[in-house]
Amino acid sequence: AEAKNPEACPPCRGDTPPSGHVDLAELPASFFTAERTAQGCLFGKCHVLAKRHAVHLEDWSPEETAAFWMDVRLAVKVLRSVTKAERINVEVHANSAPHLHAHLFPRYLDDGFPSAPIDYRRTSPSPYEDEDEFAWFVGKVREALAAEKQKDNPFDDPPRKAPLCPTLCTGTLS
């Protein structure tokens with residue numbers, strides 16, 4: 001019950017974020033952040049922290065949930081454009097910090113976890129050579145976000161034609 005109480009929540013109380021966290025942008029429903037000592041030692045690892053307190057997705061209205069996911073979508077789009085990652089894995093948590101947030105893990109063909117889950121406990125060495133490289137990354141993300149915000153609709157990209165799963169097309173799920 002205490003986790004549902006915003007007064008018991010470090011982000012809602014305004015506690016100082018962990019050392020090394022940098023605010024990249026305030027989005028409509030969340031804050032987009034990065035950290036120099038990134039979990040998984042992955043270049044570009046970021047967070048999207050919901051503005052409104054919730055511990056479970058179902059704590060929000062459908063509109064709040066959609067707004068959070070639109071922010072995550074924008075953050076993923078920008079992160080892929082800056083990092084050139086092959087994929088961005090998204091994990092949603094509220095366990096270690098009782099406040100819904102998403103972890104964005106850029107995945108590279110040559111990262112340390114080929115065909116395996118990310119070891120989030122691994123934070124050393126930093127994926128950034130020095131403070132200058134991290135500052136470069138932060139600047140590039142902010143530039144890309146600004147460019148997206150200049151568009152009338154940052155999601156007005158042409159739809160991608162993704163192939164459907166053959167088992168869904170044939171109805172032969174087992």
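Inspect all residues belonging to region 76-86 and state whether any of them is surrounded by fewer than 19 Cβ atoms within 10 Å (Cβ to Cβ) and either at pLDDT below 90 or not in a helix (DSSP H, G or I) (or both). Yes: region 76-86 contains one or more residues that are surrounded by fewer than 19 Cβ atoms within 10 Å (Cβ to Cβ) and either at pLDDT below 90 or not in a helix (DSSP H, G or I) (or both). If you go through region 5-35 and keep only what is closer than 24 Å to Ile88 by Cα and open to solvent by less than 50 Å² (accessible area, probe 1.4 Å), you end up with Gly20, Val22, Leu24, Ala25, Leu27, Ala29, Ser30, Phe32, Thr33, Ala34, Glu35. Does region 52-67 contain any residue that is under 21 Å from Val138 (Cα atoms) and open to solvent by 60 Å² or more (accessible area, probe 1.4 Å)? Looking through region 52-67, none of the residues is under 21 Å from Val138 (Cα atoms) and open to solvent by 60 Å² or more (accessible area, probe 1.4 Å). Among the residues of region 88-109, not one is in a strand (DSSP E or B), over 12 Å from the mean Cα position of the chain (by Cα) and without any contact (Cβ under 8 Å) to a residue 24 or more places away in the chain.
Determine whether region 150-172 contains at least one residue that is modelled with pLDDT of 95 or more and either in contact with an Asp or Glu (Cβ under 6 Å, 6 or more places away or on another chain) or open to solvent by 60 Å² or more (accessible area, probe 1.4 Å) (or both). No - not one qualifying residue is present in region 150-172. Of all the numbered requirements in (1) crowded, with 20+ Cβ neighbours inside 10 Å; (2) in a strand (DSSP E or B), Val72 misses one, and that requirement is (2).
The values are calculated or read from the model by the stated rules, or taken from the named source; none is laboratory data. Fair warning: this is a prediction, and the values are worked out from it, not measured in the lab. All Cβ positions, glycine included, derive from the backbone under ideal geometry; neighbour counts span all protein chains shown. The accessibility values were calculated without ligands, DNA or RNA, using every heavy atom of the protein model including side chains. Shrake-Rupley method; radii C 1.70, N 1.55, O 1.52, S 1.80 Å.
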